[in-house]
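S.K.: Quick one: this structure, given as structure tokens, is what I'll be asking you about.
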There are 2 protein chains.
Amino acid sequence: MAKVDPSLVAHLPLFAGFTNEELEEILREARSSRHPKNSAVFVQGEDAHSFFLLLHGHVRAAKTTPTGEQIVVRYVAPGETFGLAMAIGLTQYPATATAVDDSVVLAWPTGAWPRLVQKFPALATNTLQTVGTRLQESHTRMLEMSTQQVEQRVAHALLRLAKQSGKKLDHGIEIDFPISRQDIAQMTGTTLHTVSRILSGWESQGLVESGRQRIILREPHKIFVLAEQSADSGSAR
Amino acid sequence: MAKVDPSLVAHLPLFAGFTNEELEEILREARSSRHPKNSAVFVQGEDAHSFFLLLHGHVRAAKTTPTGEQIVVRYVAPGETFGLAMAIGLTQYPATATAVDDSVVLAWPTGAWPRLVQKFPALATNTLQTVGTRLQESHTRMLEMSTQQVEQRVAHALLRLAKQSGKKLDHGIEIDFPISRQDIAQMTGTTLHTVSRILSGWESQGLVESGRQRIILREPHKIFVLAEQSADSGSAR
DNA sequence: CCGGCAATTTGCGTTAGCGCAAAACTCGGC
DNA sequence: GCCGAGTTTTGCGCTAACGCAAATTGCCGG
């Protein structure tokens, strides 16, 4: 619940072009809270009482069908917003947000949004950009799911995670939060079994090193090549 | 190039809450143009010179991979905006827009957007809502592609098209623009062969009636049931 | 009215990846 | 240091859907 230093968030896309005074006014309306690993920040279907900015940790946004199948919509990294339901005209959260690591978030009550946007129109245009970017990413994932085989999709998913939340090592890049085979399966539209087989294969070729909820890309470039190469012996769909 | 009557567009979500005077000012900056069937309004990768509002006809937005595979991102119906690249921070179109019927569009030069938004902040919030809605739809499609079989996905796709652009008939609903098996395949992540087989099956059961680039849902309710039913004998992914 | 092209249909062999099952491993907690 | 739950690995059979090929149909333009 401590006050947040404006200088800590001034560089974020959401707040591009804001003065420190304006930021303070905006931040005054927010409450920060901690969420221990594996706890839900909000649940799909729940009333959208707040929208959020992730300060520390990592949050998984997942969508569930009535019959219980899930997909991981995205992983939220520090500095990113999530739970923007009301900004896009929803009254309930369309997905469940779960902290995959001990996390700290900043939460604004839904009711503050119209007021803030009215006073600071740049909030709307900035948010429009980030939502637009997410829409692009979503289309790209759809394209991959339609046209690529599982191995390529997994490669792309890992490269994206490495880019977003990779920790550089002496030799390789480590995904900087706990992620299971099941999670990757739900990001790529396959099963944990298939992901496990693929990673085992890569591991024996020295491309990755992995363990329980932990993945290190040892040969990012080779994985990149894998991701790009279309399944030979096939033609365009 | 004729002037557009504000009252014709006042009811659109994009212009919610605008007065006739404001609308006239906004419309003054736009040019209308005709696009014959099968001509491109803009091409993926091209410089985003304009953004658009569809007045008449239907436009298909499709994304292509470097290797030539395509997916249909969406069909644009009259009253909807498209080509919003710049609003979301892109300088080039991320997809190709093709008129599938003789179409009339309203086009604003990209440069007008910042000015319009600055003067009419509601444009940004309205656009944020529509982009947000599209993001939801995109996530829903991803969920379907991950968890459902082809037949269910095709059923969902047709129901969506019927809802958006369906013409009510005495007995059934007709998709009100030319659409091929190939198009449906590219909406659902499958092949035209599989779509053809599925539609043939449905036709022999009297669920649909279809021909060259033409589909009529004769039993929308039964198709709805088909769409919802999970492949039995299976379990959650 | 006819020719030709594009869309559609359908058959058939192939296979990537699923689904199920069981074993092995890891780690946190007691 | 041991126990137990959750995660990962791996084997095996199966099938939904693809990929290829060929025939058929419907439509537009001349």
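The numbers here are math on the coordinates, done by the rules we state, and not lab data. It should be emphasised that the depicted structure is a prediction, and the values quoted were computed from it without experimental measurement. Every residue, glycine among them, receives a Cβ derived from its backbone with ideal geometry; neighbour counts consider all protein chains shown.
S.K.: Dipole of segment A:88-237 (Lys/Arg Cβ +1, Asp/Glu Cβ -1, origin at the Cα centre): which of A:VAL100, A:LEU123, A:GLN213 lies farthest to the positive side?
M.R.: It is A:LEU123, whose Cα lies furthest towards the positive end.
S.K.: Too long at a 31 Å Cα-Cα cut-off: which of A:LYS63/B:LYS222; B:LYS63/B:LYS167; A:LYS63/A:LYS167; B:LYS63/B:LYS163; B:LYS119/B:LYS163?
M.R.: On the way: A:LYS63/B:LYS222 26 Å; B:LYS63/B:LYS167 27 Å; A:LYS63/A:LYS167 27 Å; B:LYS63/B:LYS163 23 Å; B:LYS119/B:LYS163 35 Å.
Beyond 31 Å: B:LYS119/B:LYS163.
S.K.: Okay, next question. Among A:PRO178, A:PRO66, A:PRO121, whose mean-square fluctuation peaks in a Gaussian network model of chain A (Cα, cutoff 10 Å)?
M.R.: For chain A, modelled as a Gaussian network with Cα springs under 10 Å, the answer is A:PRO66.
S.K.: Now, a different point. For the protein assembly as shown, rounded, prolate or oblate, judged on the Cα gyration tensor with a ≥ b ≥ c (square roots of eigenvalues), a/c < 1.5 rounded, else prolate if a/b > b/c?
M.R.: Working: a/c = 1.67, a/b = 1.08, b/c = 1.55.
Note, shape of the protein assembly as shown comes out oblate.
S.K.: Let me ask something else about it. Specify which residue in the list B:VAL225, B:LEU169, B:VAL154 is farthest towards the positive end of the charge dipole of segment B:148-228, using unit charges on the beta carbon of Lys, Arg (+1) and Asp, Glu (-1), about the Cα centre.
M.R.: Final value for the positive-end residue is B:VAL154.
S.K.: Give the residues of segment B:99-125 whose amide nitrogen is closer than 19 Å to a point set 7 Å from the Cα of B:SER180 in the direction of its Cβ.
M.R.: B:99-103
S.K.: How high is the relative contact order of chain B? Use alpha-carbon pairs under 8 Å, at least six apart in sequence, and give a whole percent.
M.R.: Details: 383 pairs, mean separation 42.5, N = 237.
Relative contact order of chain B: 18 percent.
S.K.: Ok, one more. Restricting to Cα pairs below 8 Å that are 6+ residues apart, what does the relative contact order work out to for segment B:6-137? Please round to a whole percent. It would help to have the intermediate numbers written out before the result.
M.R.: Values: 245 pairs, mean separation 44.2, N = 132.
This gives 34 percent for segment B:6-137.
S.K.: Mind listing the long-range amide H neighbours of B:VAL208? Cut-off is under 5 Å, sequence gap 5 or more, other chains count too, H placed in the peptide plane at 1.01 Å from N.
M.R.: B:GLU203, B:ARG218
S.K.: Test of understanding: ordering A:ARG160, B:ARG141 by Cβ neighbours within 10 Å, fewest first, what list do you get? Each step should come with its number before you reach the end.
M.R.: Working: A:ARG160 18, B:ARG141 24.
Going from sparsest to densest Cβ surroundings: A:ARG160, B:ARG141.
S.K.: Could you work out how far helix A:192-204 tilts from the main Cα principal axis of chain A, as a 0 to 90 degree angle to the nearest 10?
M.R.: 60
S.K.: If amide H atoms are built 1.01 Å from N in the plane of the peptide, which residues on other chains or at least 5 residues away come under 5 Å of the amide H of A:SER32?
M.R.: Answer set, sorted by chain and number: A:ALA107.
S.K.: Let me ask something else. Need one value for B:141-152: mean number of C-beta atoms belonging to other chains within 10 Å of its residues' C-beta atoms. Numbers along the way, then the final one.
M.R.: Working: counts 4, 11, 10, 2, 6, 13, 10, 3, 0, 0, 0, 0.
That average works out to 5.
S.K.: Can you give the charge dipole size of segment A:6-138 about its Cα centre, rounded to the nearest 20 debye, using +1 on the beta carbon of Lys and Arg and -1 on the beta carbon of Asp and Glu?
M.R.: Numbers: 10 positive and 12 negative charges, 31 e Å.
For segment A:6-138, the charge dipole is close to 160 debye.
S.K.: What average count of beta carbons from other chains do you get within 10 Å of the Cβ of residues in B:57-63?
M.R.: Numbers: counts 0, 0, 0, 0, 1, 1, 6.
Mean partner shielding for this stretch: 1.
S.K.: When you look at the Cβ of every residue in A:69-79, what mean number of other chain Cβ atoms sits within 10 Å?
M.R.: On the way: counts 8, 5, 8, 2, 5, 1, 0, 0, 0, 0, 0.
Going residue by residue through A:69-79 and averaging, the value is 3.
S.K.: For chain B, modelled as a Gaussian network with Cα springs under 10 Å, which listed residue fluctuates most, B:GLY206, B:GLY172, B:GLY89?
M.R.: Sorting by GNM fluctuation, first place goes to B:GLY89.
S.K.: For segment A:139-237, rounded, prolate or oblate, judged on the Cα gyration tensor with a ≥ b ≥ c (square roots of eigenvalues), a/c < 1.5 rounded, else prolate if a/b > b/c? The partial results should precede the final answer.
M.R.: Working: a/c = 1.62, a/b = 1.47, b/c = 1.10.
Since a/c reaches 1.5 and a/b is larger than b/c, the shape of segment A:139-237 is classed as prolate.
S.K.: Through the Karplus equation 6.51 cos²θ - 1.76 cosθ + 1.60, θ set to phi - 60°, convert the phi angles of segment B:33-49 into ³J(HN,Hα) values in whole Hz; use x for Gly and Pro.
M.R.: Per residue, the Karplus-derived 3J(HN,Hα) values read 8, 9, 10, x, 3, 6, 9, 8, 7, 8, 10, 3, x, 5, 5, 7, 7 Hz.
S.K.: How many nm is it between the label spots at A:GLU25 and B:GLN213, if each spot is 7 Å from the Cα in line with the beta carbon?
M.R.: Using points 7 Å along Cα→Cβ, the separation is 5.5 nm.
S.K.: Same structure again: Defining a contact as two alpha carbons under 8 Å apart and six or more residues distant in sequence, what relative contact order in percent does segment A:101-181 show?
M.R.: Numbers: 23 pairs, mean separation 14.9, N = 81.
With pairs under 8 Å counted, the relative contact order is 18 percent.
S.K.: Sort A:HIS56, A:HIS156 so that the residue with the fewest other Cβ atoms within 10 Å of its own Cβ comes first and the one with the most comes last. Walk me through the intermediate numbers first.
M.R.: Working: A:HIS56 14, A:HIS156 21.
Least to most surrounded, the residues fall as A:HIS56, A:HIS156.
S.K.: What are the aspartates and glutamates whose alpha-carbon lies under 16 Å from the alpha-carbon of B:LYS3, with same-chain residues fewer than 8 places away excluded?
M.R.: B:GLU21, B:GLU22, B:GLU24, B:GLU25, B:GLU29
S.K.: Which of rounded, prolate, oblate describes segment B:6-137, given a ≥ b ≥ c as roots of the alpha-carbon gyration tensor eigenvalues and a/c under 1.5 marking rounded, otherwise prolate only if a/b is larger than b/c?
M.R.: Numbers: a/c = 1.76, a/b = 1.49, b/c = 1.19.
Because a/c hits 1.5 or more and a/b exceeds b/c, segment B:6-137 counts as prolate.
S.K.: Oh, and also: Using a Gaussian network model of chain B whose springs link C-alpha atoms within less than 10 Å, name the residue from B:THR96, B:THR64, B:THR110 with the highest mean-square fluctuation.
M.R.: Highest fluctuation of the listed residues: B:THR64.
S.K.: Only helical DSSP H runs with n ≥ 4 go in: add -39500 (n - 2.57) per run for chain A, normalise by residue count and round the 222 nm mean residue ellipticity to 500 deg cm²/dmol. List each step's numbers first, then the result.
M.R.: Working: 8 runs with 94 residues, N = 237.
Helix-only estimate at 222 nm: -12000 deg cm²/dmol.
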